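To keep things clear, I will list the structure first and then write my remarks on it.
The values are calculated or read from the model by the stated rules, or taken from the named source; none is laboratory data. Source: prediction; values computed, not measured. Counting neighbours? That spans all protein chains shown, and the Cβs are built from the backbone with ideal geometry, glycine included. Heavy atoms of the whole protein, side chains included, go into the accessibility calculation; ligands, DNA and RNA do not. Shrake-Rupley method; radii C 1.70, N 1.55, O 1.52, S 1.80 Å.
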There are 4 protein chains.
Amino acid sequence: METTERKIRVTLWNEFRHEKTNEAAKALYPEGIHACIGKYLAQFPQFEIKLAALDDPDQGLPDEVLNATDVLIWWGHMAHGEVNDALVTKIQRRVYLGKMGFIALHSAHHSKPFRAIVGTTGNLTWGREQREIMWNLLPSHPIAAGVPKNFLIEEEELYAEPFFIPQPNELIFGSWYEDGYIFRAGMTFLRDAGRIFYFQPGHETCPSFHNPHVLRVIKNAVLWTAPSEEKYEYRDECPHVVQNLAERIAAGKAKSNMTDPVFTELGIKD
Amino acid sequence: METTERKIRVTLWNEFRHEKTNEAAKALYPEGIHACIGKYLAQFPQFEIKLAALDDPDQGLPDEVLNATDVLIWWGHMAHGEVNDALVTKIQRRVYLGKMGFIALHSAHHSKPFRAIVGTTGNLTWGREQREIMWNLLPSHPIAAGVPKNFLIEEEELYAEPFFIPQPNELIFGSWYEDGYIFRAGMTFLRDAGRIFYFQPGHETCPSFHNPHVLRVIKNAVLWTAPSEEKYEYRDECPHVVQNLAERIAAGKAKSNMTDPVFTELGIKD
Amino acid sequence: METTERKIRVTLWNEFRHEKTNEAAKALYPEGIHACIGKYLAQFPQFEIKLAALDDPDQGLPDEVLNATDVLIWWGHMAHGEVNDALVTKIQRRVYLGKMGFIALHSAHHSKPFRAIVGTTGNLTWGREQREIMWNLLPSHPIAAGVPKNFLIEEEELYAEPFFIPQPNELIFGSWYEDGYIFRAGMTFLRDAGRIFYFQPGHETCPSFHNPHVLRVIKNAVLWTAPSEEKYEYRDECPHVVQNLAERIAAGKAKSNMTDPVFTELGIKD
Amino acid sequence: METTERKIRVTLWNEFRHEKTNEAAKALYPEGIHACIGKYLAQFPQFEIKLAALDDPDQGLPDEVLNATDVLIWWGHMAHGEVNDALVTKIQRRVYLGKMGFIALHSAHHSKPFRAIVGTTGNLTWGREQREIMWNLLPSHPIAAGVPKNFLIEEEELYAEPFFIPQPNELIFGSWYEDGYIFRAGMTFLRDAGRIFYFQPGHETCPSFHNPHVLRVIKNAVLWTAPSEEKYEYRDECPHVVQNLAERIAAGKAKSNMTDPVFTELGIKD
């Protein structure tokens, strides 16, 4: 890759309630799940980290923050319904326009932004915390870089099939649980110009965000979902192409928000 | 396929405004685009056809109609914004739950249901009516049955790339236009348990819905998107599985909306 | 679907050696695995069943049989290397040309035809026979028709990830094993005009081909992989298109194996 | 991305016959198509470039070259049949094992390595050289970095649908031709641990490999197909897992090429 001075601006959004009220969550993540992941990512000079929480002003994502975010990581669980619909629409559009990648962690499968972006109920079956074995199905994928063939998560909440989502673009991780369940645990989606990753681990009372493999996957996913800086400009519009645009606007026969035809040199007749 | 007496109940939804006010549209589709397609489909005994329009009571889709629809075909153009959001959510859920297939025709790329279901802006570039050549890219697909290698549409509105959608599950048709444009013109999407098809032709002032190839594709798509009658029951919920459910409910330790574990005979400890 | 008198001609190919020498296999499948599946399929009037085995003349697939096969089901295990390369090429071509669907069962993941058709080593990890739970991930798919959310296979050989295959077109089944492994257990592939399905169960000393769910999946897969009778003619060639073909052949400037241009009526200049 | 000293070793393989005998090809590519692309790539310090041709010893790819190649770019046209089958198998395996990416240019759609790797006839329709417009369908993809919404190739050989290939993993480019044809012109495939890209332009008598957009796509594709340096070790084998491996080998009950079970700490009984 070209050397670039431009950093990837990562905003970690967290519901951040369990860690204030639940003793187990507080012990594991005293400053919040977002701060824990953020601390890990902040080690890498190519990232610039911001933290945001549901109870912050503007739910943590005022326009000036959202519009300066390259990758948004989302963790939510019990308060999905409180997230503002207008904010969800802004997030969805920013992802579709290829200005921001989106990473949904664990219970964010049911969050408003994830469901709106990928188009899904996100329904799944869940159960007691137990041993999970995470299998790496696609070792050549950038999101699997540095991840072994499998790794053990000693204790994680059961998330099980049937997981009602779109067919993923690439299924990278699958997981096994003691109780007889499996789960498509890590996968990519492409939507318009946007890149999305979902990853299973991360119940608030489990130490998964201290697991080096889980953290590495998140880091990889930030790099993979980060928008291309060199893609062509894409606006949220359906442009109308007309022939001989300048003449037609001058003659009052076309509007200025129409665009030129594909290649005027093709000599296409009007 | 098993012989089955059960018919596929197809509801054709149409904005149905152009055909009342625009002379060209009225001449081509005097009873509406939906009636034109419906008349074709009604020839086949396996279909049961209903027509619905935006200006009908309940926007044509009261619950008793929607809940008796196996495949919903959607044509809308200028009045996307008038479609009721609550109705869109009902449609989206019915598709996700695998109770109804969805077919979006032409300008329905920008309709609320299509965008909500597949997760997309649906933006594209459009232009003057011209010759379109429809190429059949996947002859083995059921939706391509009976369709030649290519066919000419003498006059159709230009719909062009970049078309901002998710990567399709299967890209079946691609189109060529005189003015130098191409378009991914027919494709499938899978969302949760729902099956979706988009197809490009069908501007209100073009005779595409009298084209036998276009009609054949729509018929094929009805058969392909129709929900499986034999799939397992799926409700819009995230069930919690617990061990020894009956005992635990009796003991007040579990709620009745939880579900049994995967295989009790596995002798999993509680 | 249209009523059609034409039956789907299914050929069941089996290595058919274990069932002659291994007592456990013989007890389960006295007439061979292929005969067991064939007996089940023969109940359905839409199928016409043929059996073929490695030790038959022409390895069971002389041209007159292969060319009269709509769906080829393949079970092989220890003698993959004995299968004739020329036969593999014929099978591969017939599938690519959309004249025949292909279903690979169990250890056929490593068979020459499967590897040649989908492009893969087919490598996986395997181990002792144990409990497998088969999860149905895509209930709306025709291959999942009539299959419950999950079903137990009391004893099946372990086939585990990493399974080195192409990313499937549709992942329909996933499996869980007692020993901590998972497997992408049932999936579709599209290759040229051909349709392919792989399914995990079926070790020769396990009764999986007596399991009604496994049999139902195989039946569904026959229906899904069977070639479309109505697709356009496709030959194994790279045709050259030229303008004004008839005149040019007459003038000795083109060869007769060239084809007409897409639409002569477009008035394209030569 | 991490800063890494390790260069990507790119080998450009060319049939290299046209450029010696055809005047037009010689004028455009006096040192060969491979040298032309190689010169462009050599500007970037992260690449290390090697050239190889069909008429070189060992067809340009002796083991010491092949085994030191991270990305193999292939251009062949008239002499596909001369490429050694044993070499094709070595290439295919190296790609499947994730040790080498593969880029097929233009007429390499019909080359032995491309067909063997992705599983396809690679058949298409072709015709006279003409104007081609290349459309960028997936601007967010790394292979589309720096590529505009579309670009004109003034003269290129017609390659047209139906293109008989597997459904691509990601369709990135599509092309339009004057004569009424379209083509899926640039796409990715994943096979086992290997990453593959196909791109349409590059007839030997057309200047496409002097087009900066075409060159940029090739550079991007090298970066995208280059194997991950951090993926887990994967050998071309089907390992057998057994419980208590060491004890069993000692007792003569297991062979040393079997592997340990997934997680011995799970305490799985033998």
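Remark: B:ALA144 falls outside the filter, which requires a residue to be small (Gly, Ala, Ser) and at the interface with chain A (Cβ under 7 Å from one of its Cβ atoms). Determine whether D:TYR159 is touching a residue at least 40 places away in the same chain (Cβ under 8 Å) and in contact with a Leu (Cβ under 6 Å, 6 or more places away or on another chain). Spelling it out, D:TYR159 is indeed touching a residue at least 40 places away in the same chain (Cβ under 8 Å) and in contact with a Leu (Cβ under 6 Å, 6 or more places away or on another chain). Inspection of region D:205-226 identifies no residue that is over 14 Å from D:HIS141 (Cβ atoms) and either assigned to a strand (DSSP E or B) or within 14 Å of chain C (Cβ to nearest Cβ) (or both).
Of the residues making up region A:92-150, those that are among the charged types (D, E, K, R) and within 30 Å of B:PRO162 (Cα to Cα) are A:ARG93, A:ARG94, A:LYS99, A:LYS112, A:ARG115. Annotation note: of D:PRO57, D:PRO62, D:PRO45, the sole residue that is open to solvent by 20 Å² or more (accessible area, probe 1.4 Å) and within 25 Å of D:ARG216 (Cα to Cα) is D:PRO45. Within region D:89-104, the residues that satisfy the criterion of being aliphatic (A, V, I, L, M) and open to solvent by less than 10 Å² (accessible area, probe 1.4 Å) are D:ILE91, D:VAL95, D:MET100, D:ILE103, D:ALA104.
A count restricted to region B:75-116 and to residues that are more than 20 Å from B:ARG9 (Cβ to Cβ), in a loop (DSSP other than H, G, I, E, B) and more than 12 Å from the chain's Cα centre (by Cα) stands at 6. Any residue at all in region C:16-25 that's touching a helix residue (DSSP H, G or I) at 6+ places or on another chain (Cβ under 6 Å), assigned to a loop (DSSP other than H, G, I, E, B) and either of a type in the set (A, V, I, L, M) or in the same structural domain as C:GLY202 (by TED's automatic domain parsing) (or both)? No, there is no match, as no residue in region C:16-25 is touching a helix residue (DSSP H, G or I) at 6+ places or on another chain (Cβ under 6 Å), assigned to a loop (DSSP other than H, G, I, E, B) and either of a type in the set (A, V, I, L, M) or in the same structural domain as C:GLY202 (by TED's automatic domain parsing) (or both). Scanning region D:191-239 for residues that are open to solvent by 30 Å² or more (accessible area, probe 1.4 Å) and touching a Phe, Trp or Tyr at 6+ places or on another chain (Cβ under 8 Å) returns D:HIS213, D:ASP236, D:CYS238. The listed residues are B:GLU82, B:GLU23, and the only one of them that is within 26 Å of B:ASN123 (Cβ to Cβ), among the acidic types (Asp, Glu) and open to solvent by 30 Å² or more (accessible area, probe 1.4 Å) turns out to be B:GLU82.
Residue check: is D:ILE49 more than 24 Å from D:TRP126 (Cα to Cα) and touching a strand residue (DSSP E or B) at 6+ places or on another chain (Cβ under 7 Å)? It would help to see each step written out before you state the result.
Details: more than 24 Å from D:TRP126 (Cα to Cα): yes; touching a strand residue (DSSP E or B) at 6+ places or on another chain (Cβ under 7 Å): yes.
Yes: the conditions hold for D:ILE49.
Anything in region B:147-160 that is more than 10 Å from chain A (Cβ to nearest Cβ) and either closer than 18 Å to D:LEU138 by Cα or not in a loop (DSSP other than H, G, I, E, B) (or both)? List them, or say none. Even if it seems obvious, please write down each step before you answer.
Of all residues in region B:147-160, those more than 10 Å from chain A (Cβ to nearest Cβ) come to B:147-157.
Those that are more than 10 Å from chain A (Cβ to nearest Cβ) and either closer than 18 Å to D:LEU138 by Cα or not in a loop (DSSP other than H, G, I, E, B) (or both): B:ASN150, B:PHE151, B:LEU152, B:ILE153, B:GLU154, B:GLU155, B:GLU156, B:GLU157.
With respect to C:ILE73, determine if the residue is farther than 30 Å from D:ALA116 by Cβ and among the hydrophobic types (A, V, I, L, M, F, W, C). Spelling it out, it is not the case that C:ILE73 is farther than 30 Å from D:ALA116 by Cβ and among the hydrophobic types (A, V, I, L, M, F, W, C). Pairs meeting the criteria (first residue in region A:193-222 and of a type in the set (D, E, K, R), second residue open to solvent by 10 Å² or more (accessible area, probe 1.4 Å), beta carbons under 7 Å, at least 6 apart or on different chains) are A:ARG195/A:TRP224; A:GLU204/A:HIS18; A:GLU204/A:ASN22; A:GLU204/A:HIS77; A:ARG216/A:GLY146; A:LYS219/A:PHE44. Taking region B:162-191 as the search range and keeping residues that are outside any loop (DSSP other than H, G, I, E, B) and without any contact (Cβ under 8 Å) to a residue 24 or more places away in the chain, which one is farthest from the chain's Cα centre (by Cα)? The qualifying residue farthest from the chain's Cα centre (by Cα) is B:ILE182. Of all residues in region A:166-184, those satisfying the criterion of being more than 7 Å from chain B (Cβ to nearest Cβ) and either of a type in the set (Phe, Trp, Tyr) or crowded, with 23+ Cβ neighbours inside 10 Å (or both) are A:ILE172, A:PHE173, A:GLY174, A:SER175, A:TRP176, A:TYR177, A:ILE182, A:PHE183, A:ARG184.
Put simply, of B:THR11, B:THR69, B:THR89 the only residue that is of a type in the set (S, T, N, Q), touching a strand residue (DSSP E or B) at 6+ places or on another chain (Cβ under 6 Å) and over 29 Å from B:GLU156 (Cα atoms) is B:THR69. Scanning region D:117-129 for residues that are over 27 Å from D:GLU48 (Cα atoms), within 10 Å of another protein chain (Cβ to nearest Cβ) and not in a loop (DSSP other than H, G, I, E, B) gives D:THR125, D:TRP126, D:GLY127, D:ARG128.
Annotation note: Cβ proximity below 6 Å between a residue of region C:92-118 that is of a type in the set (S, T, N, Q) and a residue that is at pLDDT 95 or above and open to solvent by 10 Å² or more (accessible area, probe 1.4 Å) (sequence gap 6+ or interchain) occurs for C:GLN92/C:ALA116; C:SER107/C:HIS77; C:SER111/C:HIS80. When region A:110-136 is filtered for residues that are of a type outside the set (A, V, I, L, M, F, W, C), open to solvent by 10 Å² or more (accessible area, probe 1.4 Å) and modelled with pLDDT of 95 or more, the ones remaining, listed by number, are A:HIS110, A:LYS112, A:ARG115. Could you tell me whether A:PRO139 is closer than 30 Å to D:ASP70 by Cα, assigned to a loop (DSSP other than H, G, I, E, B) and open to solvent by 10 Å² or more (accessible area, probe 1.4 Å)? Here the answer is no, as A:PRO139 does not meet what is asked.
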